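The values are calculated or read from the model by the stated rules, or taken from the named source; none is laboratory data. No experiment lies behind these values; they were computed from the predicted model shown. In this analysis, Cβ positions are derived from the backbone assuming ideal geometry, glycine residues included, and neighbour counts consider all displayed protein chains.
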């Protein structure tokens, strides 16, 4: 993909509108995880070292087009300034003469952070006039917000109609890594897909099917597959309407020689609670009144062997009810197995990234995608509006 890059443009003395993904979690009024801020620093430092004037913009949460102090960027400002090691100016206005005046007064190497873009409903509506007003703050537009690239919003798509537009270093790397994953993976290519529902992963399963050598299934979605083959699943989560598709996918795996692995044992509970009674059961099935909450030790062992021999690994979604510590073991063990492998490893999705961090192996993963929904949609084969806009392609 021939994305226009920032490395070869002259930015000295230029005002740059830099769209980032600073949609970070907050706890008690402070940023609780600054990963997304740190991931963008390579782009920010490159631009500042070359004498650019930065106008940094992001959304935070879902304020639904209204000013809401709960979603203010002010806590992000504090974390961003600390990571950058210098003062960052702040504007509560996103458009209009006041913020234009501030942007025009910036000196080379100075940074201005705007308030939450989604305080204006026109942002998500991709309203043309709002996009134009955003463009009045700068001379060049750079998108480094891969996590928002699947949205056609004013700051990700509309603004590109008014300014020369480029991909930031994080955006470029995300696209480069994910493209290589589906076009030239080193074999064997193993996809590990978990999460609660088949419905949220059916598109990525189908798109990866003719690219992978093995597919390891975990999480609540596994029980729809098992139920489709008449394996007793007790009170486990099942999407009944997707049982026919699940049945067909298992058949298709056999036909296309994809090693499609489902859990052979389970950690089960008598209620959806971290205080529930638990036991381990084998592939004969889950007893009535109990539900699957995590993959069992035999499944972990089987998955570890496949992971060990992989050339490329993509992981999205937990293996169990990861948010409860007593059902997190399967997910943690898979994270550790991925870290030990010699494969090129790509991890995407909030729970998977949390597992990597909890297992303390983040530095052993080739690439941790900041994309979330964007990385999933890209791997589903869908065009991303924020990327098409940089390529000047209209979907």
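Structural remarks
- Residues of the range 46-59 satisfying the condition of being surrounded by 24 or more Cβ atoms within 10 Å (Cβ to Cβ) and either in a loop (DSSP other than H, G, I, E, B) or on the phi > 0 side of the Ramachandran plot (or both): 52, 58, 59
Matching residues to (1) over 20 Å from the mean Cα position of the chain (by Cα); (2) in a loop (DSSP other than H, G, I, E, B); (3) assigned by TED's automatic domain parsing to the domain that holds residue 350:
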site	(1), (2), (3)
178	no, no, no
199	no, yes, yes
206	no, no, yes
210	yes, yes, yes
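- Flag for residue 196 being buried (at least 21 other Cβ atoms within 10 Å of the Cβ) and in contact (Cβ under 8 Å) with a residue 40 or more places away in the chain: no
- Residue match in the range 25-32 (condition: at pLDDT 95 or above, surrounded by 15 or more Cβ atoms within 10 Å (Cβ to Cβ) and in the same structural domain as residue 118 (by TED's automatic domain parsing)): no
- Of everything listed in (1) in the same structural domain as residue 308 (by TED's automatic domain parsing); (2) within 30 Å of residue 5 (Cβ to Cβ); (3) in contact with a helix residue (DSSP H, G or I) (Cβ under 7 Å, 6 or more places away or on another chain), the single unmet condition for residue 168 is (1).
- Flag for residue 234 being crowded, with 17+ Cβ neighbours inside 10 Å, touching a strand residue (DSSP E or B) at 6+ places or on another chain (Cβ under 6 Å), in contact (Cβ under 8 Å) with a residue 40 or more places away in the chain and on the phi > 0 side of the Ramachandran plot: yes
- Check on residue 353, at pLDDT 95 or above and in a helix (DSSP H, G or I): no
- For the criterion of being surrounded by fewer than 19 Cβ atoms within 10 Å (Cβ to Cβ), touching a helix residue (DSSP H, G or I) at 6+ places or on another chain (Cβ under 9 Å) and not in a strand (DSSP E or B), residue 244 passes.
Here's the yes/no breakdown for (1) more than 18 Å from residue 78 (Cα to Cα); (2) outside any strand (DSSP E or B):
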{"position": "9", "(1), (2)": "yes, yes"}
{"position": "13", "(1), (2)": "yes, yes"}
{"position": "17", "(1), (2)": "yes, no"}
{"position": "22", "(1), (2)": "no, yes"}
{"position": "33", "(1), (2)": "no, yes"}
{"position": "38", "(1), (2)": "no, yes"}
{"position": "44", "(1), (2)": "no, yes"}
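- Number of the condition not met by residue 197 [criteria: (1) in contact with a helix residue (DSSP H, G or I) (Cβ under 7 Å, 6 or more places away or on another chain); (2) over 30 Å from residue 342 (Cβ atoms)]: (1)
- Single residue of the range 151-174 satisfying the filter (surrounded by fewer than 22 Cβ atoms within 10 Å (Cβ to Cβ) and within 14 Å of the chain's Cα centre (by Cα)) that is farthest from residue 45 (Cα to Cα): 151
- Filtered residue count, the range 304-341, keeping only those that are at pLDDT 95 or above, surrounded by fewer than 18 Cβ atoms within 10 Å (Cβ to Cβ) and either part of a loop (DSSP other than H, G, I, E, B) or not assigned by TED's automatic domain parsing to the domain that holds residue 223 (or both): 2
- Taken over the range 82-120, the criterion of being in a helix (DSSP H, G or I), over 24 Å from the mean Cα position of the chain (by Cα) and more than 16 Å from residue 17 (Cβ to Cβ) is satisfied by 82, 97, 98.
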